[in-house]
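K.L.:
Can you read through this structure? Questions will come right after.
The values are calculated or read from the model by the stated rules, or taken from the named source; none is laboratory data. Note that the coordinates shown come from a computational prediction; the quantities given were computed from them, not determined experimentally. Cβ atoms come from the backbone with ideal geometry, glycine included; neighbour counts cover every protein chain shown.
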Amino acid sequence: MKRWSNIRYKLENEYLAESLRGRITYFATTYTKCHDQEGRAAIRLDGNEVLKGNYFDKMDKHSSFYYHIYNDVDRAKSECWMRAFFEAECNGAFDQRNFYRAFDEFNSQRIDESLKSESLIVRIFAVLDKRCEKRRLLEMLSNTENENPLFLTFLHIRAEAEKIVFIS
């Protein structure tokens, strides 16, 4: 696994849009002295955590989705279990491990692929990326009907930073 300092440097210096430099910061840690070595991760705007996650919140949301899926659908338990992880992450539930995996996916593919990723975190990294130009931001702003609210938050942060005024 890559060192967090290298990942953070790439996200904040190599990828981040110029208009957001110094305003967006990324945070992730693993509590190594804790018996389970869990941790947390966040994306901050001007020092305030806009998106944050940790193992316990992720598992709480996962459990909610699992019991909802399991009670509503005639599926195998293992299929419901895995589907619940996917649903939880799509709804902003993640931990530092998901954050690291999202960076690996984001770092290894083109911006177009990242913007279409199933991972909410990858898509957020992509919308904050300097390779996501104003034209593309305008296209995304005009088609927000079925978008995740957390993704929309970051899309609007980026549009505001780029001084894009969009009237629907």
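K.L.:
M140 fails exactly one of the following numbered conditions: (1) more than 25 Å from T25 (Cα to Cα); (2) of a type in the set (A, V, I, L, M); (3) at pLDDT 80 or above. What is the number of that condition?
P.N.:
M140 satisfies every listed condition except (1).
K.L.:
Let me ask something else about it. Only one of these is of a type in the set (D, E), crowded, with 16+ Cβ neighbours inside 10 Å and farther than 20 Å from N98 by Cβ: E162, E139. Name it. Before the answer, list the steps.
P.N.:
Details: E139 fails: crowded, with 16+ Cβ neighbours inside 10 Å.
E162 is the lone residue from the list that is of a type in the set (D, E), crowded, with 16+ Cβ neighbours inside 10 Å and farther than 20 Å from N98 by Cβ.
K.L.:
Between a first residue in region 7-32 that is of a type in the set (K, R) and a second residue that is surrounded by fewer than 16 Cβ atoms within 10 Å (Cβ to Cβ) and part of a helix (DSSP H, G or I), which pairs have beta carbons less than 9 Å apart while being 6 or more apart in sequence or on different chains?
P.N.:
Final answer for the pair search is R21/N13.
K.L.:
Of the residues that make up region 115-124, is at least one out of contact with any Ser or Thr (no Cβ under 7 Å at 6 or more places or on another chain), among the β-branched types (V, I, T) and under 18 Å from N148 (Cβ atoms)?
P.N.:
yes
K.L.:
Just for helices (runs of 4 or more DSSP H) wholly inside region 20-121: which have at least 3 residues that are under 20 Å from L155 (Cβ atoms)? Before the answer, list the steps.
P.N.:
Working: elements: 55-72, 77-90, 96-107, 111-115.
In region 20-121, 96-107, 111-115 are the helices (runs of 4 or more DSSP H) which contain 3 or more residues that are under 20 Å from L155 (Cβ atoms).
K.L.:
Select, from V50, V73, V122, the only residue that is modelled with pLDDT under 80 and of a type in the set (V, I, T).
P.N.:
Values: V50 fails: modelled with pLDDT under 80; V122 fails: modelled with pLDDT under 80.
Checking each option against the conditions leaves just V73.
K.L.:
Looking only at region 53-70, filter to residues that are at pLDDT below 75 and hydroxyl-bearing (S, T, Y); which one of those is surrounded by the most Cβ atoms within 10 Å (Cβ to Cβ)?
P.N.:
Among those that are at pLDDT below 75 and hydroxyl-bearing (S, T, Y), it is Y70.
K.L.:
Can you go through R131, R123, R101 and tell me which one is buried (at least 20 other Cβ atoms within 10 Å of the Cβ) and within 21 Å of L11 (Cα to Cα)? Step through it out loud before you land on a result.
P.N.:
Numbers: R131 fails: buried (at least 20 other Cβ atoms within 10 Å of the Cβ); R101 fails: buried (at least 20 other Cβ atoms within 10 Å of the Cβ).
None of the other options fit; the residue is R123.
K.L.:
On to the next question. Taking N146, is it out of contact with any strand residue (DSSP E or B) (no Cβ under 9 Å at 6 or more places or on another chain), part of a helix (DSSP H, G or I) and among the polar types (S, T, N, Q)?
P.N.:
Details: out of contact with any strand residue (DSSP E or B) (no Cβ under 9 Å at 6 or more places or on another chain): yes; part of a helix (DSSP H, G or I): no; among the polar types (S, T, N, Q): yes.
The answer is no for N146.
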